[in-house]
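Chemist: Following this message is one structure expressed as structure tokens.
The values are calculated or read from the model by the stated rules, or taken from the named source; none is laboratory data. Since the structure is predicted, the reported quantities are computational estimates derived from the model, not experimental observations. Cβ sites come from the backbone with ideal geometry, for glycine too, and all protein chains shown count toward neighbours. Surface accessibility is based on the protein's heavy atoms, side chains included, excluding ligands, DNA and RNA. Shrake-Rupley method; radii C 1.70, N 1.55, O 1.52, S 1.80 Å.
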Amino acid sequence: MGMEMENRQQTKDRERIEGVLKLLRKQAPLSIKQEKFCNDACVERFLKAKGDNVKKAAKHLRLVFSWRESIGIDHLIADEFSGELNEGMAYVAGHDDDARPVVVFRIKQDYPKLQSQKSFVRLLVFTLEVAISSMSRFVDQFVLLFDASFFRSASAFLNFLRGTLKIVADYYPGRLHKAFVIDPPSMFSVLWKGVRPFVELAPMTAIVSSLDYEDSLEGTVGGCTDSFSSYPRTASLRFESPTASLTGKQHPSAMGSASSRFTFTVSNLNSVKPWYLSTNPAPSGHSSRSVVVPTESSPSLIGASPLNARSYSFASPGARATPIRHPTPLQRTPLQVPKQHPRTPKPSFLQSPGNLFSFRKEGQLSRAEKEKESFLPFLRFYRRPYDEMVYRAKMRPPLGGLTSIVYSHVKNHQMNQRQQYSSQSRRFNASHMQRI
């Protein structure tokens, strides 16, 4: 029963594909390149994008043909984008575990202003064509990584992202597996929420931050050992550890507590200003718990600790004249905390109504957590340094430019020479054996 259903479904799919090709040939004869482009997998993607409607899929394919001719995809070569390839603005970083090509975009904010719209679209199409040409036989999707850290304006990056996703949705249907926006400007999330319902590929687009993966970068990520400190672009600012020893000498009557940034010192040499802050690290062996505050010149600091000595230095003379006396452990009484009963929080007017009725099961991840987890396999491609030669090696002729074309001809010529030499040597050996 199951085999019969599968056979019927395959028969229906085949009939739809033949119907689309028949409509295309009826409108105008297809060229050799168009026939090669309209394979079964391509027609199935267009049918799926149009809800298995044969007429809409054929019309969409005809529009794609005219668009590809206007862009001049057959004449795209790497020599046209030598500057962009040198800077690594758009390139194929590698292939994931499922052999899908991973495309990285590091477009700067001023680049669309300096270049025409057609040049920018040609660069985008060239990169996508390189990714498609590097696919294996049973792979038909790619992954896009948008590095938004080069943009200062959220609206400018939103226009760039929407234009790119629209080109992918209209002219490469069914090709996108996942798209990640990395480190966008601060206001991008607010703008993205407003335009998200109107973007066709929005469900496949996720927003992540590279700083959330700081811990994973310190070890091995996906088989690639990358140290977080080796990438100063996104390295976080951390406090340095306090110095263990001090080279200079300090007055024996000055004591204090040290931290990683400054030293708090209480001195008996100045009764008006018994405390001061110093940027020098404190000598080893002193801490805030073992500090004894000198009180020879300021009797009001009896029993004061370095933490409250500053507050008493600003107090009035009457307050400073009264010594501070701390109760002994026997005199201390437990703090009486009034018993509080749990109450139901009142709904806020500014709170979203959806949050009042949102119930999440225990252990269920939120959308942000799912996006963060889904980006982890592609983190190594984002952190991997760009190598122009490695990227050019992925280009097949004629996309690779004159270098790849000449190299392929030279390689074929060398192979032909080797085959001729081997055949001649075999004939010579055979004739020599016959003579013997």
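Chemist: Work out from phi, with θ = phi - 60° and the Karplus expression 6.51 cos²θ - 1.76 cosθ + 1.60, the ³J(HN,Hα) of each residue of segment 43-58, listed in order in whole Hz, and give x for Gly and Pro.
Modeler: These are the phi-based 3J(HN,Hα) values: 5, 5, 5, 5, 5, 5, 5, 9, x, 6, 8, 5, 5, 5, 5, 5 Hz.
Chemist: At a probe radius of 1.4 Å, what is the per-residue accessible area of Glu35, in Å² to the nearest 10?
Modeler: Around 70 Å² of this residue is reachable by solvent.
Chemist: In the structure shown, do any of Lys33/Lys59; Lys22/Lys394; Lys12/Lys394 have a Cα-Cα gap over 27 Å, and if so which?
Modeler: Exceeds cut-off: Lys22/Lys394; Lys12/Lys394.
Chemist: Can you list residues whose amide H is under 5 Å from Ala90's amide H, if they're 5+ apart or on another chain and H is modeled 1.01 Å from N?
Modeler: Hits under the 5 Å cutoff: Arg106.
Chemist: For the ranges 130-138, 155-163, what's the packing order if you count other beta-carbon atoms within 10 Å of each residue, average per peptide, and put the highest first?
Modeler: 155-163, 130-138
Chemist: What ³J(HN,Hα) values, in whole Hz, does the Karplus curve 6.51 cos²θ - 1.76 cosθ + 1.60 give for segment 139-148 when θ = phi - 60°, with x put for Gly and Pro?
Modeler: Per-residue couplings from phi come out as 10, 9, 10, 9, 10, 10, 10, 9, 8, 8 Hz.
Chemist: Might you work out the accessible area of Ser186 for me, using a 1.4 Å probe with all protein chains in place, and round it to the nearest 10 Å²?
Modeler: Near enough 110 Å² of accessible area.
Chemist: What net charge is computed for the residues neighbouring Pro377, neighbours being all others with C-beta under 11 Å from the C-beta of Pro377, Lys and Arg scored +1, Asp and Glu -1?
Modeler: -1
Chemist: Next question, about the same structure. Treating only the Cβ atoms of Lys and Arg (+1) and Asp and Glu (-1) as charged, compute the dipole magnitude of segment 1-41 about its Cα centre; round to the nearest 20 debye.
Modeler: It comes to approximately 300 debye.
Chemist: Cα-Cα over 20 Å: which of Lys166/Lys193; Lys118/Lys178; Lys56/Lys193?
Modeler: Those over the limit are Lys118/Lys178; Lys56/Lys193.
Chemist: Under 5 Å between amide H atoms, partner at least 5 residues away or on a different chain: which partners does Ala206 have, H built in plane at 1.01 Å?
Modeler: Under 5 Å from the amide H of Ala206: Ala179, Phe180, Val181.
Chemist: Each residue of segment 190-199 in turn: what ³J(HN,Hα) in whole Hz from Karplus with 6.51, -1.76, 1.60 and θ = phi - 60°, glycine and Pro shown as x?
Modeler: Per-residue couplings from phi come out as 5, 5, 5, 5, x, 9, 4, x, 9, 9 Hz.
Chemist: Here's a follow-up. How do Asp147, Asp52 rank by accessible surface area computed with a 1.4 Å probe, from largest to smallest?
Modeler: Asp52, Asp147
Chemist: Packing-wise, with mean Cβ within 10 Å as the measure, how do 75-83, 379-387 rank, highest first?
Modeler: So the order, starting with the most tightly packed, is 379-387, 75-83.
Chemist: Would you kindly state how much longer the chain becomes between Glu200 and Phe150 on full extension, computed as 0.36 nm times their sequence separation minus their alpha carbon distance, in nm to one decimal?
Modeler: Here the answer is 15.5 nm.
Chemist: Let me check against my output: what whole-number percent is the relative contact order of segment 68-141, with C-alpha pairs under 8 Å and at least 6 apart?
Modeler: Here the relative contact order equals 33 percent.
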